[in-house]
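Enquirer: Attaching a single structure in structure tokens format; questions to follow.
The values are calculated or read from the model by the stated rules, or taken from the named source; none is laboratory data. Since we're looking at a predicted model, the values are computed, not measured. Note: ideal-geometry Cβ built from the backbone for every residue, glycine included; neighbour counts use all protein chains shown.
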Amino acid sequence: MAGEKRRGRRAHLRDFKLNGKGEYVYNGKYMAWPGDEKDYRRHMVFFAVMAFVMISMTFAAECLASVPMSRYPLTAVFWFAQMVPVCLTVYAVCKMIAGRNPMRSYVYDASVGKLPGRALFSLIFSGICALWECVYLIINGPKENLFCNIARPVMSAFCACAAAALYLRLKKIVWEKSGGAQTITNS
């Protein structure tokens, strides 16, 4: 048991060592962006824009004027099923952007490592939500506010498209492993 590696939330702490000056030095692995700095920034802006589109379309659809569709309980269930993976995806994108380049391996695992799966779930559940809203409109027809009735499935579809763009871009990028040490001062 003493020779086994720690697992869990604090497993990355074994990569920090105390040096003679009382500073913690990170001796673990880094994940580096495969391209140059300009390419890295361009991709991070793209990821930030896609995350903004996803979260804004998800919440804007629920903030529209009250229509019969939004009062239907099944619509709320599908919207909530869309909202959870979208929020988790946006959180992972923010964590990835804050991680900088090169990124520590534990930050990479918590953000970039989980991001394709979260983006895929966002795509699936946003598509299901948009499909349900279209089915609802076909069955019941647009009642009170035509714009809001049509805007809801369109916003869910935009969210699904942003999640698809995020997923496809993430699958193309292969980060490179690198090593090194970085000093962190206790303050």
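Enquirer: If the Cβ limit is 6 Å and pairs must be 6+ apart or interchain, which residue in the range 149-174 that is touching a residue at least 12 places away in the same chain (Cβ under 8 Å) pairs with which residue that is assigned to a loop (DSSP other than H, G, I, E, B) and buried (at least 19 other Cβ atoms within 10 Å of the Cβ)?
Expert: What qualifies is ASN149/VAL67.
Enquirer: Do any residues in the range 35-47 that are under 27 Å from LEU88 (Cβ atoms) have Cβ atoms under 6 Å from those of residues that are of a type in the set (Phe, Trp, Tyr), where the two are at least six apart or on different chains, and which pairs are they?
Expert: Correct list of pairs: TYR40/TRP33.
Enquirer: Being buried (at least 18 other Cβ atoms within 10 Å of the Cβ) and either closer than 16 Å to LYS177 by Cβ or in contact with a Cys (Cβ under 8 Å, 6 or more places away or on another chain) (or both) is the filter here, so list the residues in the range 100-110 that pass it.
Expert: PRO102, MET103, ARG104, SER105, TYR106, VAL107, TYR108
Enquirer: In addition: What residue, among those in the range 134-156 that are part of a helix (DSSP H, G or I) and of a type in the set (Gly, Ala, Ser), is surrounded by the most Cβ atoms within 10 Å (Cβ to Cβ)? Explain how you work it out, then say what you get.
Expert: Step one: list which residues in the range 134-156 are part of a helix (DSSP H, G or I), which gives 134-140, 146-156.
Imposing the further condition that a residue be of a type in the set (Gly, Ala, Ser) reduces the set to 151, 156.
On the way: ALA151: 18, SER156: 26.
Within the range 134-156, the match that is surrounded by the most Cβ atoms within 10 Å (Cβ to Cβ) is SER156.
Enquirer: Still on this structure: From SER70, SER66, which residue is at pLDDT below 90 and either part of a helix (DSSP H, G or I) or touching a helix residue (DSSP H, G or I) at 6+ places or on another chain (Cβ under 7 Å) (or both)? Lay out the reasoning, then the answer.
Expert: Details: SER66 fails: either part of a helix (DSSP H, G or I) or touching a helix residue (DSSP H, G or I) at 6+ places or on another chain (Cβ under 7 Å) (or both).
Checking each option against the conditions leaves just SER70.
Enquirer: Now for a different question. Quick check on the range 122-133. Is at least one of its residues assigned to a helix (DSSP H, G or I), of a type outside the set (Gly, Ala, Ser), surrounded by fewer than 20 Cβ atoms within 10 Å (Cβ to Cβ) and modelled with pLDDT under 85? Please lay out each step first, then the result.
Expert: From the range 122-133, those assigned to a helix (DSSP H, G or I) are 122-133; that's our starting set.
Applying the additional criterion that residues be of a type outside the set (Gly, Ala, Ser) yields 123-125, 128-129, 131-133.
Subset that is surrounded by fewer than 20 Cβ atoms within 10 Å (Cβ to Cβ): 124, 128, 131.
Imposing the further condition that a residue be modelled with pLDDT under 85 reduces the set to none.
No; the residues of the range 122-133 include none that is assigned to a helix (DSSP H, G or I), of a type outside the set (Gly, Ala, Ser), surrounded by fewer than 20 Cβ atoms within 10 Å (Cβ to Cβ) and modelled with pLDDT under 85.
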